Amino acid sequence: MRVKVKRWHGVAVWRWDVPNEEVCGICRVPFDGCCPTCKTPGDDCSLIWGECTHVFHMHCLLRWLQTEGSRGQCPMDRRTWGINFTKLFFLL
Amino acid sequence: MSSRSRQNTINRINTNANNNNNNNEEERGGAIKRTRLDNANYTSTHTFSSSSSSSTAVAAATASSSSSYDNFIGKTSKKYDLVNHGKDLIFPSHKPIPDRPNDAVRQGPQKQPIKKLVIKGLKDKPKLPDNYEEVTWSKLQAAVQAIFNYQRIGTSLEELYKACENLCLHKMAPSLYKRLAGEIEEHLKVEKTKLENNLNENDTLLIVVNKCWQAHCEQMGLIRSIFLYLDRTYVLQTSGVISIWDKGLEIFQKQIMSSSAGDIKKKTMNGLITLIRLERNGDSVDRRLLHSLIHMFIDLGIYCPSFENLFLMETRSYYHHEGISLVSEITVPRYLKHVKKRLREESDRVSNYLDWKTKNPLTKVVDDELIKRHVDTLLEKGFNDMMEDQHADEHIQELGRLYDLLARVNSLDRLRLYFGNYIKKTGSNIVNNVNQESTMVEDLLALKKKMDSIVAISFDRNYNFAHAVKESFEVFINQRQNKPAELIAKYVDLKLKLGNKRMDDLEIEKTLDEVLVLFRYIQGKDIFEAFYKRDLAKRLLLNKSASFDYERSMLSKLRKECGPGFTSKLEGMFKDIDLSRDFMNSFYHSRISENLRTNIKIDLYVNVLTQGFWPTYSPAPLILPPVMAECQEIFKEFYLSKHGGRNLKWQNSLGHCLLAAEFPKGNKELVVSLFQAVVLLQFNDLKLKERISYEHIKEHTGIEKKELDRTLQSLACGKVRVLKKHPKGRDVSPTDSFSVDEMFDVKFFRIKVNAIQMKETLEENQETNERVFLDRQYQVDAALVRIMKMRKKLSHNELVSELLSQLKFKAQVSDIKKRIESLIEREYLERDSEDPSILKYLA
């Protein structure tokens, strides 16, 4: 007997590329969950990576940057916030 | 002709004239001409001037009026009532005017003499003969007696009528009335003695009494006609006197039917009651006799208190006995039929010969004795049987009858109680029967359908009963925790899965709606959701869904039922499927997949899932053959290049493949799970009948033992056996070895071997349950914190009871206690230092 795979239906699960059980530094919700304003995790509530390697829910960070006290800095280390674009191909 | 002076003379004569002259005057007045008479002093007497007579004409004069004239006036004016011609008359004062005659003489002669006509009444009143009343009455009496005795009346009716009228006109009505009444009374006394002779013959008594009554009515009718004038004048004008007919009834009642007048009344009533009893027993009786006699009672005014009471008492005792004996003798449906028949009979009875006023009390008596008294017995004895009855139409009718009858006596609450209990009992039998789990949902649906149709047809769509159905279902379906919810989810899966017997759209929709009703009753909706989700995932990922339309329709039904929060994850699953399809499109249009198509020649399709939406699958290790691994890598690379910041984890347990297989007996296509595919690939390029050991396979595929056992079993011991197991047997053990079945041949080209994938394993089931319980723990925690945040300080018991009212599922108190402990540990709560049963919220 000889068999050959002709068609393959695979299933894969994606999750954010962050260490397990890590939480967003702003809202303290796990990255697997969504930010407090969203209802469902996933595509609709994505994460954002900074040049400083810090990760947040994108909604959380944008709201932070809009406050005057933020001065455009990362809330964790007060360095000027810059997006790590290598992680965000889909935004381009 | 006549002169003034002459008139004076006449006047004078006139003053002396006596009354007798009036007559002469009347006779003589031929051609009468009325003249003006200035001083004529009279009121009602007329003055005439006669052309012929000169001397004897009588004229009323005033000049020498005297007392005699006044007398005359007084007499004549009263006797005759003649018409005055006001124009010719002057009404002077009564005072005499002495000079008048002279004036009159001076005025000259009158053209005609005046005649005066005085009309006078009879001098003596005409008188009736002294014995007139007696004579007339004797004539009438004779006639009355003749009537009573059925004889010919000697005198003509007109004459009799006249006689009566005359007596009335001569003010003899009261005595006539009295005499007539006396005559009737006399006659009825005689009749009474006749009746009393018949008293002891029960059979004929009624007939005799009826005859007597009929005769009385007939005779009184005739008598009334004769004495009509009396009835119309004397009776009407005198208060306190009743009409002849009524008088006749009164006398009849007093003489014959009063209780003081002996036993006739009592015996008649008893006779009637006996007759009615006979009719109730099924004998035929003379209804006209009943009707006539009962209406006699009504006319005599003794129906309502005495006869009706007696009748109702008898009815009560009759049906009391009948009810007690029948309810134990015959089946409930037959009993109900009988009661209906009885009610119909009684209402016929009322319309046939009873007074309509009796209808309500009578039906009440029957209701009381036949239904109300036995409500519990009937329900206890017959209700369950009636519900169980297999003849659907008949039992629906019977239940309808039961409902109608119980509605009459306001006992629907009892019926509802039994109805509810029946549903609860039957339902909990279905739910708690561990052996019948496979048909539980169908049985429940059938039960629901049956109950609904009973409520709709038999119970008049009574809202309370519909509510009872709902309530009872809620009670029994939640008696067994979680299992019904799980089975309902599986039932839906069965309906939505491909390969089921085909149903058309309407049928499917109907089934889904029905299932949803059951779903509504379930408290543990999270269990349903978990299982539904797991099954839905399999249907979507393994392409086993019968139709996406059905899936979406079910989803929208659930959303309608439980709100968007309940279905948001399920909707997310559909979204993932759609996104994956789009992504695969772009994948195949990309350059990166070229290698895949040209060199590897595996048609890859990947569903990429968002972790939160789908059920969590435990990772299943698998060593892929290099070709497939390369394939996977290519896809992963492409995916990550499109979606930064993500990780992909492969779910091997959900993958499936189409294999092209060359068997000695021909080429086939095998639809297999990924595990099966990898195992089969191990057998490639083996020599004929060469065996591979279990351990070898395990080592080269990296599949876990349990999974490998299942996979090998499905390949070697299932319906379609591609492999041979050595030694033979149903169960796979680590010492077994396997070879390809060289003789493998099935008539189909494409063979599905992956049914095993659709089957839910025990572990999966457990896992799902555990996951739900874990979710519930979070819900308990959240609710506890919510309550404590609001109340700040609560005793343990208060907290638990408030929590139970908030939770949508049944929680065990012991579990809640554990959650409270855990919250104290995590410093959400603390115990009061003085009273340890009091909990405080820590901000």
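The values are calculated or read from the model by the stated rules, or taken from the named source; none is laboratory data. What you are looking at is a predicted structure, and each value in this text was computed from that prediction instead of being measured. Don't worry about glycine lacking a Cβ; one is built from the backbone with ideal geometry, like all the others, and counts go over all protein chains shown. Each accessible area value is taken on the protein alone, full model and side chains, heavy atoms only, with ligands, DNA and RNA left out. Shrake-Rupley method; radii C 1.70, N 1.55, O 1.52, S 1.80 Å.
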Roughly speaking, what is the centre-to-centre gap between the stretch B:167-191 and the stretch B:668-713 when only Cα atoms are used, to the nearest Å?
128
Tell me, Kirkwood radius of the stretch B:764-841 from alpha-carbon pair distances, in Å?
12.9
For the stretch B:132-301, just the Cα set please: Rg and Dmax, both in angstrom.
18.1, 62
At q = 0.19, 0.20, 0.26 Å⁻¹, base-10 log of I(q)/I(0) for the stretch B:309-386 (Debye sum, equal scatterers on each alpha carbon):
-0.77, -0.84, -1.22
Please label the shape of the stretch B:577-642 as rounded, prolate or oblate, based on the square roots a ≥ b ≥ c of the eigenvalues of the alpha-carbon gyration tensor (a/c under 1.5 means rounded; beyond that, a/b larger than b/c means prolate, else oblate).
oblate
Please say if the stretch A:25-64 is rounded, prolate or oblate, where rounded means a/c under 1.5 for a ≥ b ≥ c the square roots of the C-alpha gyration tensor eigenvalues, and otherwise the choice is prolate for a/b larger than b/c and oblate otherwise?
prolate
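How many percent of all Cα-Cα pairs in the protein assembly as shown sit more than 37 Å apart?
74
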Counting only other chains, and only Cβ atoms inside 10 Å, what mean value do you get across the residues of A:41-51?
3
Contour excess over end-to-end distance, with Cα ends at B:Thr274 and B:Glu471 and 0.36 nm allotted per residue
65.8 nm
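When the accessible area of the protein assembly as shown is split by element with a 1.4 Å probe, what percent falls to carbon and sulfur?
Answer for the protein assembly as shown is 50 percent, counting heavy atoms of protein chains only.
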Cα pair distances exceeding 13 angstrom across the stretch B:156-212, given as percent
70
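Run lengths n ≥ 4 of DSSP H only: what is the helix-derived mean residue ellipticity at 222 nm for the protein assembly as shown, with -39500 (n - 2.57) per run over all residues, to the nearest 500?
Working: 34 runs with 489 residues, N = 935.
Result for the protein assembly as shown, helices only: -17000 deg cm²/dmol.
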Just the ratio, please: alpha-carbon radius of gyration of the stretch B:246-310 over 2.2 N^0.38 Å, N its number of residues.
1.15
Note down the Stokes-Einstein diffusion coefficient of the stretch B:481-544 in µm²/s, whole number, using a Kirkwood radius over alpha carbon pairs, 20 °C, and 1.002 mPa s.
176
Distance between Cα centroids, the stretch B:765-786 to the stretch B:602-622: provide it in whole Å.
24
Shape verdict for the stretch A:30-92, please, from the Cα gyration tensor: rounded (a/c under 1.5), prolate (a/b greater than b/c) or oblate.
oblate
Please give the FRET efficiency for B:Lys687 paired with B:Arg581, using the beta carbon to beta carbon distance and R0 = 51 Å, rounded to the nearest 0.05.
0.75
Which three extents, in angstrom, do the Cα atoms of the stretch B:392-511 have along their principal axes, listed largest first?
54, 33, 22
Of B:Ile602, B:Pro621, B:His643, which is farthest on the positive side of the dipole of the stretch B:589-661, counting Cα position, with +1 on Lys and Arg Cβ, -1 on Asp and Glu Cβ, and the Cα centre as origin?
B:His643
Space enclosed by the convex hull of the alpha-carbon atoms of the stretch B:655-760, per residue, Å³:
99
For the stretch B:411-477, inverting the pair-averaged 1/r of distinct alpha-carbon atoms gives a Kirkwood value in Å of 12.1
Solvent-accessible area buried by pairing A with B, both sides, nearest 100 square angstrom, 1.4 angstrom probe
4100
Based on the Cα coordinates of the stretch B:515-559, what is the per residue volume of their convex hull in Å³?
68
For the pair B:Leu236/B:Tyr132, report the inter-label distance in nm, with labels modelled 7 Å from Cα in the Cβ direction.
2.4
